[in-house]
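Here the structure comes first, spelled out in structure tokens, and everything after it is commentary.
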Amino acid sequence: MRSYHIAVLPGDGIGPEVVAEGLKVLRRAEALFGGFRLECETLAAGARCYLKEGDPLPPHTLERAHAADAIYLGAMGDPAIRYPDGTELAPQVTIRFALDLYAGIRPARLYPGVPPVLTNRQPINFVVVRESTEGLFASMGGGSVLREETAVDTQVITRRGTERVVRAAFELARQRGGRRKVTCVDKANIFKSFAFFRRVFAEVAREYPDVEHDFGYVDAIAMKLVLAPEQFDVLVTENMFGDILSDLAAGIVGGLGMAPSADIGDAHAVFQPCHGTAPDIAGKGIANPLAAILSAAMMLAWLGERRADAALRQAGAAIERAVAEGLSRRELLGPDLGGARATPEIGARVAALLEPG
Ligand code: ATP
């Protein structure tokens, strides 16, 4: 029996509610597939942790997360709890820098059964790859305000940072085996930093002659994602653009409750829903846990690939199938998708639909 250490950081708001459902499904997958054990260790992080310990990502938590085989995160932050300068706590961003998680993988798939937002009813199935350690976020906590008149944050794009995230995007396009296309999203017509990003992208693209590539400016791509999302396979972009486009992508496939994500580096990875802590619905039992459950499936797929563990890979695929099956039967719709299912009901139903394939 192979055993894996999973660091679980439920966080704040709806984080613990959706993580509980992800764990419910993981436990069922563990029992059904056999062959692997997930040793889950719950760790403190987030806004409540900041109030208690003075640090939203305490050294002990970071140490244990660093030692883990994978990290499963809920959501963190609370608009009411801020640093003295007024900025919100963002340990879920800090951990990307701390563990060098440079590729933010944000799949957007419209599952049959989910009420479509767009009138264009083509299938939607693409991935936004967001550079997660530099770009405009490199300035996080370090910008300056001069005489309350001028504020400056600096964008940082490096060759190393760009090469590695672009390679991750091309590898993903190969692995997905779909349209095998990578789109570079930038603003190269205006900014030198983005013209550089585009040049480095083009250099890396030459290493992947079997994968098609093209380029687009972020404003035009935002419009195309709404008008013709079916034309995309993998998009790769800078941190801030990726932040925005991945929420847009979530919006066209059912909202943040349907958007899983993985932040992957060479040695570590964090899996978490794209959404934040949603204080407006926290504690009401109506959060959609599917993004968290699909993130757990991504975690098993990633670990299975990395450790050459077929049982993990199969379990990950089975979770995604169970979600697809439940949605197509309209058995997993919470209030965000026009249904009435409560958070724990959705988790339990996905667990019940799991089948070995
Ligand atoms: P952050 O800045 O931390 O990413 P945000 O400002 O993007 O957070 P979220 O907390 O992600 O805000 O959510 C925005 C709104 O979307 C919430 O207030 C909530 O109404 C809705 N929402 C988010 N996640 C879910 C979910 N899992 N289920 C149902 N509704 C959700």
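Tabulated values for the structure
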quantity: Segment 212-249: number of residues that are open to solvent by 60 Å² or more (accessible area, probe 1.4 Å) and farther than 22 Å from Tyr111 by Cα; calculated: 6
quantity: Pairs, first over 18 Å from Gly265 (Cα atoms) in segment 54-76, second of a type in the set (Asp, Glu) and modelled with pLDDT under 95, C-beta under 7 Å, six or more apart; calculated: none
quantity: Any hit, segment 250-266, residues being open to solvent by 30 Å² or more (accessible area, probe 1.4 Å), within 16 Å of the ligand (Cβ to nearest atom) and either at pLDDT below 95 or not in a strand (DSSP E or B) (or both); calculated: yes
quantity: Hits in segment 15-58 (condition: open to solvent by 10 Å² or more (accessible area, probe 1.4 Å), among the hydrophobic types (A, V, I, L, M, F, W, C) and within 19 Å of Pro289 (Cα to Cα)); calculated: Ala20, Leu23, Cys40
quantity: Residue match in segment 94-104 (condition: crowded, with 16+ Cβ neighbours inside 10 Å, within 15 Å of the ligand (Cβ to nearest atom) and closer than 16 Å to Asp247 by Cα); calculated: yes
quantity: Tally of residues being assigned to a helix (DSSP H, G or I), in contact with a Leu (Cβ under 9 Å, 6 or more places away or on another chain) and β-branched (Val, Ile, Thr) across segment 79-98; calculated: 2
quantity: Meets criteria (within 13 Å of the ligand (Cβ to nearest atom) and not charged (D, E, K, R)) for Ala205; calculated: no
quantity: Odd one out for Lys284, checked against (1) closer than 21 Å to Val93 by Cα; (2) open to solvent by 30 Å² or more (accessible area, probe 1.4 Å); calculated: (1)
quantity: Complete set of residues in segment 115-136 that are under 18 Å from Ala291 (Cβ atoms) and either open to solvent by 10 Å² or more (accessible area, probe 1.4 Å) or outside any loop (DSSP other than H, G, I, E, B) (or both); calculated: Pro115, Pro116, Val117, Asn125, Phe126, Val127, Val128, Val129, Arg130
quantity: Scope segment 185-244; condition part of a loop (DSSP other than H, G, I, E, B) and in contact (Cβ under 8 Å) with a residue 60 or more places away in the chain; matching residues; calculated: Ala228, Phe232, Asp233, Glu238
quantity: Test: residue in segment 298-316 that is open to solvent by less than 10 Å² (accessible area, probe 1.4 Å) and within 16 Å of the ligand (Cβ to nearest atom); calculated: no
quantity: Candidates Ala278, Ala352, Ala342 - the one that is open to solvent by 10 Å² or more (accessible area, probe 1.4 Å), of a type in the set (Gly, Ala, Ser) and more than 29 Å from Ala47 (Cβ to Cβ); calculated: Ala352
quantity: Residue identified as assigned by TED's automatic domain parsing to the domain that holds Gly46, over 25 Å from Glu320 (Cα atoms) and at pLDDT below 95 among Ala151, Ala138, Ala80; calculated: Ala80
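The values are calculated or read from the model by the stated rules, or taken from the named source; none is laboratory data. Nothing here was measured: the structure is a model prediction, and the numbers come from that model. Don't worry about glycine lacking a Cβ; one is built from the backbone with ideal geometry, like all the others, and counts go over all protein chains shown. SASA here: full protein model, heavy atoms, side chains in, ligands and nucleic acids out. Shrake-Rupley method; radii C 1.70, N 1.55, O 1.52, S 1.80 Å.
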